[in-house]
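**Q** To start, I am sharing the structure in question, which I have written as structure tokens.
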Amino acid sequence: MNIHEHQAKGLLKKFGVSVPDGYPAFTVEEAINNAKKLPGPVYVVKAQIHAGGHGKAGGVRVVKNIEDVKKASEEILGKVLVTPQTGPKGKKVQRLYIEDGCQIDKEFYFSILVDRNAGCISIISSTEGGVNIEEVAEKNPDDLIMLHISPSKGLDSETIVKSIEDAKLNESYKTELSDVISNLYKLFVEGDCDLVEVNPLAITDNGVSALDSKVSLDMNAIYRHENFKDFENEIPIPVSEQFAKEKNLNFIKLEGSVGIIGNGAGLVMSTLDVVSEHGGMAANFLDIGGGAKAETVTAALEVLESEDNVKSVLINIFGGITRCDLVANGIVEATKGKELKWPIIVRLDGTNSKEGLSILEQNTNEKITISSSMDEAAKLAVEGAI
């Protein structure tokens with residue numbers, strides 16, 4: 001789970017990493033009052049969205065008086081920022097972070113992440129801080145230094161020094177940088193993080209400081225961290241996602257118009273691909289899991305009913321543990337007596353598929369179409385979404 005910058009900096013500060021003073025703000029008035037708490041005379045007004053690159057999109061302003069804090073806050077708060085990570089629809093700014101400014105002498109990039117390709121924790125560092133690190137990786141890959149950390153050995157002082165020297169960080173601050181890197185690693189491990197990124201990690205008039213930070217938490221460890229729930233509660237969850245969570249459905253909202261329901265992550269992913277091959281885009285990923293009962297299918301259809309972007313629904317079931325007749329009963333139950341707002345294309349195969357198809361045929365609904373193959377079903381679903 002990604003958390004906001006101001007929350008990430010709270011964790012960094014807790015683990016002994018220096019960060020500029022700052023306060024979150026949800027209104028312009030709150031932004032002004034919070035700026036007055038800071039020493040100034042330079043202030044940074046930052047949009048808080050779960051996406052990188054918002055500085056280039058106009059979401060970060062450096063200002064030199066309270067009046068300009070007000071002006072910048074008015075312009076940023078409520079604005080929809082479009083970055084490479086938000087997609088074309090962008091994300092609306094609903095909170096700000098008002099931070100004390102500082103004099104920057106040098107900027108670096110530093111991150112710790114779970115490296116699934118290497119099967120370990122990796123450290124990435126670079127002298128190219130304060131810029132889009134993806135661009136650095138593409139244009140100047142030699143400027144990125146990666147070190148792998150043995151899970152059994154952990155991060156020792158030798159590796160810390162090597163990361164500083166290899167990345168050609170400012171060696172006159174070697175002791176201070178070593179302490180920061182050690183504390184960031186401690187946060188990563190003890191805080192059960194998937195990612196701790198500081199960009200930039202800067203040499204400032206106040207020493208080494210994390211000027212911007214991104215932290216992603218491993219929610220599988222929520223039982224060890226009460227504060228994870230606080231972060232989770234602050235993130236607005238769409239009605240569909242909340243309902244799916246309550247019903248123990250694996251649901252991810254996407255940008256397309258073809259609603260997808262399937263049993264098993266592999267089958268659902270394949271269905272997304274086939275829909276794409278026919279020129280469509282999936283509106284969601286929805287896996288009802290193995291052994292799904294009628295009420296599970298009913299709940300899945302109810303989830304999609306709350307999604308305005310859904311224009312057609314493709315139900316693709318391959319029965320193993322899941323019985324197709326129970327799935328068919330769920331479809332009938334969910335659609336009985338309702339005027340459906342979109343066509344439903346159903347493909348059933350596997351355990352009790354004949355019984356399931358018979359149930360659907362006996363309970364005819366003009367908006368429900370039975371298909372004999374996944375390819376045909378995807379084609380019909382894409383056509384139905386137009």
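**Q** So for region 239-384, averaging the separation of alpha carbon pairs under 8 Å that are six or more residues apart and normalising by length, what relative contact order in percent results?
**A** This gives 25 percent for region 239-384.
**Q** Moving to a separate point now. What order, most packed first, do the peptides 11-22, 178-189 have when packing is the mean number of other Cβ atoms within 10 Å of each residue? Before the final figure, lay out the partial values.
**A** Details: 11-22: 17.9, 178-189: 19.9.
Ranked by mean Cβ neighbours within 10 Å, highest first: 178-189, 11-22.
**Q** For region 44-56, just list the computed ³J(HN,Hα) in residue order, Karplus coefficients 6.51, -1.76 and 1.60, θ = phi - 60°, integers in Hz, with x standing in for Gly and Pro.
**A** Going residue by residue, I get 10, 9, 10, 6, 10, 9, 8, 6, x, x, 6, x, 5 Hz, with x marking Gly and Pro.
**Q** Can you compute the charge dipole magnitude of the chain about its Cα centre, using +1 on each Lys and Arg Cβ and -1 on each Asp and Glu Cβ, nothing else charged? Give it in debye, rounded to the nearest 20.
**A** Result for the chain is approximately 640 debye, rounded to the nearest 20.
**Q** Per the Kirkwood definition applied to all pairs of different Cα atoms, how many angstroms is the hydrodynamic radius of the chain?
**A** Numbers: mean 1/r = 0.0422 Å⁻¹.
Taking every pair of different Cα atoms in the chain, averaging 1/r and inverting gives 23.7 Å.
**Q** Order these peptides, 76-82, 334-340, by their mean beta-carbon neighbour count within 10 angstrom, highest first. It would help to have the intermediate numbers written out before the result.
**A** On the way: 76-82: 17.3, 334-340: 12.3.
Per-residue mean Cβ counts within 10 Å order the peptides as 76-82, 334-340.
**Q** Still on this model: Add -39500 (n - 2.57) for each DSSP H run of 4 or more in the chain, then divide by its residues: what number comes out at 222 nm, to the nearest 500 deg cm²/dmol? Don't skip to the end; give the middle numbers.
**A** Numbers: 13 runs with 139 residues, N = 386.
Dividing the helical sum by the residues of the chain leaves -11000 deg cm²/dmol.
**Q** For region 329-386, just say rounded, prolate or oblate: build the C-alpha gyration tensor, square-root its eigenvalues into a ≥ b ≥ c, call rounded for a/c under 1.5, and beyond that prolate if a/b exceeds b/c, oblate if not.
**A** Details: a/c = 2.42, a/b = 1.06, b/c = 2.27.
Oblate, since a/c reaches 1.5 and b/c is not below a/b.
**Q** Can you give the percent of C-alpha pairs in region 21-101 whose distance is more than 22 Å? Could you put the intermediate results ahead of the total?
**A** Working: 609 of 3240 pairs.
Above the 22 Å cut-off, region 21-101 has 19 percent of its Cα pairs.
**Q** Sticking with this structure for a sec: For a quick check: with amide H placed at 1.01 Å from N, whose amide H comes under 5 Å from residue 21's, ignoring anything fewer than 5 positions away on the same chain?
**A** 100
**Q** Using only the Cα atoms of region 239-384, build the gyration tensor, take square roots of its eigenvalues as a ≥ b ≥ c, and label the shape rounded, prolate or oblate: rounded if a/c is under 1.5, else prolate if a/b is larger than b/c, else oblate. All intermediate terms of the calculation are to be shown ahead of the outcome.
**A** On the way: a/c = 1.23, a/b = 1.14, b/c = 1.08.
Rounded, since a/c falls under 1.5.
**Q** To continue, here is another question. Quick one: which residues, 5+ away or cross-chain, put their amide H under 5 Å from the amide H of residue 115? H built at 1.01 Å from N.
**A** Residues meeting the amide H criterion: 120, 121, 122.
**Q** Place a +1 charge on the Cβ of each Lys and Arg in region 21-101 and a -1 charge on the Cβ of each Asp and Glu, then give the dipole magnitude about the Cα centre in debye, rounded to the nearest 20.
**A** Values: 13 positive and 9 negative charges, 69 e Å.
Roughly 340 debye, rounded to the nearest 20.
**Q** Treating only the Cβ of Lys, Arg, Asp and Glu as charged (+1, +1, -1, -1), what charge dipole size does region 239-384 show about its Cα centre? Round to the nearest 20 debye.
**A** Numbers: 13 positive and 21 negative charges, 42 e Å.
For region 239-384, the charge dipole is close to 200 debye.
**Q** Right, next: Please name which of 83, 187, 201 has its Cα lying farthest along the dipole of the chain towards the positive end, using unit charges on Cβ (Lys, Arg +1; Asp, Glu -1) and the Cα centre as origin.
**A** Farthest towards the positive pole: 83.
**Q** Separate question: Would you please put 59-66, 115-122, 201-208 in order of how densely packed they are, using the mean number of other Cβ atoms within 10 angstrom per residue and starting with the highest? Before the final figure, lay out each step's value.
**A** Working: 59-66: 16.6, 115-122: 12.8, 201-208: 18.5.
Descending packing order for the listed peptides: 201-208, 59-66, 115-122.
**Q** In what sequence do 347, 95 fall when counting other Cβ within 10 Å, fewest first?
**A** Working: 347 26, 95 18.
Result, fewest neighbours first: 95, 347.
**Q** Quick one: compute the contact order of the chain, relative version, from alpha carbon pairs under 8 angstrom and 6+ residues apart, as a percent.
**A** Values: 787 pairs, mean separation 47.4, N = 386.
Relative contact order here is 12 percent.
**Q** Here's another thing I want to ask about it. So how do 162, 89 line up by other beta-carbon neighbours within 10 Å, fewest first?
**A** Values: 162 14, 89 9.
Ranking 162, 89 by Cβ neighbours within 10 Å, fewest first, gives 89, 162.
No lab work stands behind these numbers, since they all come straight from the coordinates. If you're wondering where the values come from, they're calculated on a predicted model, not measured in any experiment. Note: ideal-geometry Cβ built from the backbone for every residue, glycine included; neighbour counts use all protein chains shown.
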